[in-house]
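Here the structure comes first, spelled out in C-alpha cells, and everything after it is commentary.
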Amino acid sequence: MEASNDHSELPVVFLACQVFQGLLEKYLPEELSRHIIYKDYGLHRVPGQIRSTLQEVIDGIEEPSLIALGYGLCGNGLSGINAGIHTLLIPCVDDCIAMLLGSHKAYMTEFEAVPGTYYLSKGWLESGSHPLKEYGEVLDKYGQDNADWIMDQQYQNYQRLAMVAHSEEDLVIYRSQAQAVAEYCSRWGMRYQEILGSDRYVRRLTEVAQKVSLADEEFVLIPPGGTVKMEQFLR
C-alpha cells in the first residue's frame, strides 16, 4: 500500500468484474450500490483488453473520485493503468481467486496443495466462462479436431477443477452446472472438488473504500496521476 492522505471527501465508485456482483451488492450500503460499474468476465481472456477497457471507464468519470477496483492484477492486465484525476483502490492479489477464497494466504494454501487448479464460481458459471462453454464456441468455429487440439493445449496440464462457493445453498444451486463442466474436464484427468470460500476480502474492499485509513498490505492505493505497476503487487 502506498502512503495516502484522507480520502473521505471523495465520492466512491466501484469498477468491478461481473463475477463479484452478488458479493459487492451484499455489503455495500444503498447509497453506494448505485455507483457500481460492472464489466464482463470475458475481458480476462485478453489482459490487454482489461487495461484498455478499464482505462476508458476511469477516464470517463468526470468528478475526482476514489475508484475501488474489483479486480486483481489479472495476468498483468491492470499494469499501466493511470489513475488520472482519481485515486485507485485495488486488492493486492494476482487474480480474483484469492478474493473468492478470502485471502492471499487461503489462495497460497490451495496453490501449494494442487498448483494445477482451474477454479469455478457462481459468477463464472452465470457468465458462461468455463472450459465446457469455451469448447462449444471453438467447436462451432473450427470443427471437432481443431477444437479438441485447442482445448488440449490450454487445459491438459490442470489436475483439479474446484468449485468455490460462499454458502451451502449456492453449492446446491450450482452443483449440477459445475459437475457438467467437471465431466467434460475429466478428459484431462481433472478431479472435481468443492470449496467453501470466504467473502472476507470483498467485504474488506467495501469497508476500505468507505474509510481508506483501514487500508493495509492487502490493498494497493494509487494516487492521482499515478500508474499501476506489477511490482506494487509483489509480496
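No lab work stands behind these numbers, since they all come straight from the coordinates. Here the structure is a predicted model, which means the values were calculated and not measured. Neighbour counts run over all protein chains shown; Cβ positions are idealised from the backbone, glycine included.
Annotations for the structure displayed:
- Listed pairs Lys105/Lys211; Lys26/Lys122; Lys105/Lys229 exceeding 20 Å between Cα atoms: Lys105/Lys211; Lys105/Lys229
- Between amide H atoms placed 1.01 Å from N, distances below 5 Å from Ile195 occur with Met163, Val164, Ala165, all of them 5 or more places distant or on a separate chain.
- Sparsely packed GluC sites (Glu not before Pro) within region 149-230, loop by DSSP, other Cβ within 10 Å at most 14: Glu217
- Interchain or long-range residues, amide H under 5 Å from Ile37's placed H: Phe14, Leu15, Ala16
- Computed over region 104-196, the alpha-carbon pair-distance distribution with 10 angstrom bins reads 16, 46, 31, 7, 0, each value a whole percent.
- Stokes-Einstein D in µm²/s, Kirkwood radius over Cα pairs - the chain at 37 °C with 0.692 mPa s viscosity: 176
- With a Förster radius of 41 Å applied to the C-beta separation of Leu139 and Glu62, the computed FRET efficiency comes to 0.40.
- Residue separation of Lys229 and Glu25 scaled by 0.36 nm, minus their Cα-Cα distance, works out to 70.6 nm of gained length.
- Cα-based Rg / Dmax (Å) for region 33-138: 15.2, 46
- Span-like helix criteria (full DSSP H runs; alpha carbon extent of at least 18 Å along the helix axis; mean Kyte-Doolittle hydropathy of at least -0.5) are satisfied in the chain by 47-60, 168-185.
- Gain upon complete extension [Gln210, Glu169; 0.36 nm per residue less C-alpha separation]: 11.8 nm
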